[in-house]
1. Test each condition in (1) at pLDDT 90 or above; (2) under 26 Å from residue 225 (Cβ atoms) for residue 144 and report the one that comes out false.
2. Test residue 189 against the stated conditions and say whether it is of a type in the set (Val, Ile, Thr), modelled with pLDDT of 95 or more and farther than 30 Å from residue 286 by Cα.
3. Might you check whether a residue that is in a loop (DSSP other than H, G, I, E, B), of a type outside the set (D, E, K, R) and surrounded by 13 or more Cβ atoms within 10 Å (Cβ to Cβ) occurs anywhere in segment 183-198?
4. How many residues are in a helix (DSSP H, G or I) and modelled with pLDDT of 90 or more when one looks only at segment 91-103?
5. Kindly provide the set of residues from segment 1-34 that are exposed (fewer than 14 other Cβ atoms within 10 Å of the Cβ) and of a type in the set (Phe, Trp, Tyr), ordered by number.
6. Can you run down the residue pairs with Cβ atoms below 6 Å, 6 or more apart or on separate chains, where the first is in segment 26-38 and outside the structural domain of residue 48 (by TED's automatic domain parsing) and on the phi > 0 side of the Ramachandran plot and the partner is acidic (Asp, Glu) and modelled with pLDDT of 90 or more?
7. Can you pull out every residue in segment 242-254 that is surrounded by 14 or more Cβ atoms within 10 Å (Cβ to Cβ) and over 28 Å from the mean Cα position of the chain (by Cα)?
8. Being farther than 30 Å from residue 264 by Cα and in contact with a His (Cβ under 9 Å, 6 or more places away or on another chain): is that true of residue 113 here?
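The values are calculated or read from the model by the stated rules, or taken from the named source; none is laboratory data. On a predicted model such as this, the values are computed, not experimentally measured, just so you know. FYI the Cβ positions are ideal-geometry reconstructions off the backbone, even for glycines, and counts take in every protein chain you see.
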Amino acid sequence: MDQNLSQYRIFYAVARTGNISKAARELYISQPAISKAISKLEDSLHTTLFIRNSRGVLLTEEGQILFRHIQSAFQELALGEQKLRRIHEFHLGHIRIGVSNTLCRFIMLPYLKGFIEKYPHIKITIENQSTTHTLAMLEQQCIDVGLIAQPENQKSLTFLPIMEIEDIFVAAPSYLENLRLREGSDADIFQTGNIMLLDKHNVTRTYIDDYMAANHMEANNLLQVTTMDLLIEFARIGLGIGCVIKEFIKEDLESGRLTEIPLGNPIRKRTIGFAFRTGLSSKALAAFIQFCCPDHID
């Protein structure tokens, strides 16, 4: 486009109103400035765009062709401006969140509930997946934010901690009593009991495997479970000794429904938080981070 956009805006206003004085009032510029801009545009296009008469101006055939194209362009511009205003006024936007089933169920849901109440017009997409997959999608910019355990190598990520979690082994009192009756009170419960862990595709499982290897703990009878919910339920019904997150079973521990297994070397706590690519943001994501981590300073 060789012409100045302001000339097309003036042409559009004159063609729409059919009158130079009306266009001048609409654009807050003088009539001579309007006439000069139209003349420049006509000269540059080597054509006559308007025919002047006593009532104002009429488009020539060439002017009508140009007007149809310009009308479409300015309508699109107006639509774009309207959408931007709506985003600002109604807090519109889209956030893509990656989170594991466990963290979504026990940590994310309360945040989502409050955020949706405050920003009902922001679209939210949840990708339920492993933490490893969430980190990969963050790196590939396929999601905006992930709720994960703090990675050892954050690379290009900003990580905002929200809480600590502690992995512990628990069992129903009845299961422990029956195990001692069957194996003896001095038996190593990790070698004789039914040990329940999350499956191999879970970051938590890798973390616990490393802990058990470092502490020379061997599970002879291992049951792999796909979700934390099932692990907790299996422990509750007395199926075995489950490795669960302490913060998620506080009521069970307080009521005595589940008993924590003492460990000589406690499992080191992990930090959970929101991770997103440093330097990449949107108003919707900024609002989400500000809501979930109000102490965060950009």
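1. (2)
2. For residue 189, the condition - of a type in the set (Val, Ile, Thr), modelled with pLDDT of 95 or more and farther than 30 Å from residue 286 by Cα - is not met.
3. yes
4. 1
5. Within segment 1-34, 28 is the sole residue that qualifies.
6. none
7. Those that are surrounded by 14 or more Cβ atoms within 10 Å (Cβ to Cβ) and over 28 Å from the mean Cα position of the chain (by Cα): 242, 243, 252, 253.
8. no
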